[in-house]
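Below is one structure; the comments refer to it alone.
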Amino acid sequence: MIEARQLTKRYGDKTAVDGVDFTVRPGAVTGFLGPNGAGKSTTMRMIIGLDAPTAGTVTVNGRRYAEHSAPLHEVGALLEARSIHPGRSAFDHLMVLAHTHGIGRARVTEVIEMTGLQAVARKRAGAFSLGMGQRLGIAAALLGDPQTIMLDEPVNGLDPEGVLWIRTLLTGLAAEGRTVFVSSHLMSEMALVADHLIVVGRGRVLADTTVQELVLQAGGDTVDVTTDDPAGLRRVLTGPGVEISGRPGSEQLSVTGLPARAIGLAAARHGIALFELTARTVSLEEAFMELTKDSVEYHAANTLVGAA
């Protein structure tokens, strides 16, 4: 379990993390989302003691990271996959880490097989592709068989088979009762694997929720309806939990809170003709963009290369 209480980090006049409170619980995959500059990496660095908080606390399994006598057995982390000696082989890199905790050679061999590194285990890590570097970083995170696993952008550089492998690994670790904390910009992957979400923006927690709840708050399932009697359809559909929007004078309405089937049946009962009935679902990416739209620090210019 990871617990942050009023966790704060300042760099001079810049507040990177601002009084953050959250709990990452075992038995679930928790996604850690936010725009660039939101404070995700700084928060993760504070969790494993690479940065000291300006204020507040963060603990792993009830203790600060530095207080654990064998931290690799408590939390395995991947923050920067390329932070390895380029002249050292994958096997030797893992053996060096293993020696610090009295971990045997058999476990090194086991995580090499678990992460698909058998064919390159004796090759220099400096020549690895980005995807192989990611696999080595994940192997290092799993080396101590920790109860808490924290990964920053674990699918970077992985091919489709590797992405599927990561997806299966994360859900499998959570199913074993471990705490799994994952930062990613790939909303499609988070929608598939995350049981819980912590969303930050400008150093503050914007949401501590599930994927389903976040999508629902952003509009959930919306049905677009076109009719020659929008006012009559509004009257028929109005009820608790139903929201109806549409431009004045337009024949099209957008309805949330009712499925397309219920709308069609209600219109038929009251003799209201429908010309279009289209259901659309808000994606996690759309919900994330809506939630963080006022927290984006770096915006791309809306220009076209080569435009006259």
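The values are calculated or read from the model by the stated rules, or taken from the named source; none is laboratory data. Computed from a predicted model, the values in this text were never measured in an experiment. Cβ placement follows ideal geometry from the backbone for every residue including glycine, while neighbour counts extend to all protein chains displayed.
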Of the residues in region 94-124, those that are within 18 Å of Ile166 (Cα to Cα) and part of a helix (DSSP H, G or I) come to Glu110, Val111, Ile112, Glu113, Met114, Gln118
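Could you grab me the full set of residues in region 148-178 that are of a type in the set (D, E, K, R), within 10 Å of Val29 (Cβ to Cβ) and under 14 Å from the mean Cα position of the chain (by Cα)?
So the first thing to find is which residues in region 148-178 are of a type in the set (D, E, K, R), and the list is 152-153, 159, 161, 167, 176, 178.
Filter once more, keeping what is within 10 Å of Val29 (Cβ to Cβ): 167, 178.
Of everything in region 148-178, just one residue is of a type in the set (D, E, K, R), within 10 Å of Val29 (Cβ to Cβ) and under 14 Å from the mean Cα position of the chain (by Cα), namely Arg167.
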Taking first residues from region 40-51 that are farther than 16 Å from Thr30 by Cβ and second residues anywhere that are of a type in the set (Val, Ile, Thr), the pairs with Cβ under 6 Å that are 6 or more apart or on different chains are Thr42/Val17; Met46/Val58
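Are any residues in region 64-93 assigned to a loop (DSSP other than H, G, I, E, B) and either more than 27 Å from the chain's Cα centre (by Cα) or hydroxyl-bearing (Ser, Thr, Tyr) (or both), and if so, which ones? Please lay out each step first, then the result.
Initial filter on region 64-93 (assigned to a loop (DSSP other than H, G, I, E, B)): 64, 68-70, 79-88.
Hits for region 64-93 are Ser69, Ala70, Ser83, His85, Pro86, Gly87, Arg88.
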Problem set entry | Condition met for Val225 (at pLDDT 95 or above, within 27 Å of Leu291 (Cα to Cα) and β-branched (Val, Ile, Thr)) | yes
The residue that is nearest to Leu233 (Cα to Cα), considering only those in region 243-272 that are among the hydrophobic types (A, V, I, L, M, F, W, C) and not in a helix (DSSP H, G or I), is Ile272
Residue pairs within 9 Å by beta carbon, gap of at least six or interchain, first lying in region 220-237 and of a type in the set (D, E, K, R), second part of a helix (DSSP H, G or I), listed first then second, are Asp221/Val215; Asp221/Ala260; Asp229/Ala267
Over region 195-219, the set of residues of a type in the set (Val, Ile, Thr) and free of Cβ contacts under 8 Å to residues at least 40 places away in the same chain is Thr209, Thr210
Among the acidic types (Asp, Glu) and touching a helix residue (DSSP H, G or I) at 6+ places or on another chain (Cβ under 8 Å) - does that describe any residue in region 38-53? yes
Filtering region 56-94 down to residues that are surrounded by fewer than 17 Cβ atoms within 10 Å (Cβ to Cβ), hydrophobic (A, V, I, L, M, F, W, C) and either without any contact (Cβ under 8 Å) to a residue 40 or more places away in the chain or in contact with a Pro (Cβ under 9 Å, 6 or more places away or on another chain) (or both) yields Ala66
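Filter region 273-296 for residues that are within 12 Å of Ala207 (Cβ to Cβ) and not in a helix (DSSP H, G or I) and give the result.
Taking region 273-296 and keeping what is within 12 Å of Ala207 (Cβ to Cβ), we get 284, 287-288, 290-292, 295.
Within region 273-296, just Ser295 meets the criteria.
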Every listed condition ((1) within 22 Å of the chain's Cα centre (by Cα); (2) among the aromatic types (Phe, Trp, Tyr); (3) over 25 Å from Ile47 (Cβ atoms)) holds for Phe181 save (3)
Going through (1) buried (at least 23 other Cβ atoms within 10 Å of the Cβ); (2) out of contact with any Leu (no Cβ under 9 Å at 6 or more places or on another chain); (3) not polar (S, T, N, Q) one by one, Met150 fails only at (2)
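Yes/no matrix, rows are residues, columns are (1) at pLDDT below 95; (2) within 30 Å of Leu78 (Cα to Cα); (3) crowded, with 16+ Cβ neighbours inside 10 Å; (4) hydrophobic (A, V, I, L, M, F, W, C):
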position: Gly177; (1), (2), (3), (4): no, yes, no, no
position: Val205; (1), (2), (3), (4): no, yes, yes, yes
position: Thr210; (1), (2), (3), (4): yes, yes, no, no
position: Val242; (1), (2), (3), (4): yes, no, no, yes
position: Arg247; (1), (2), (3), (4): yes, no, no, no
position: Gly271; (1), (2), (3), (4): no, no, no, no
position: Ser283; (1), (2), (3), (4): yes, yes, no, no
position: Glu290; (1), (2), (3), (4): yes, yes, no, no
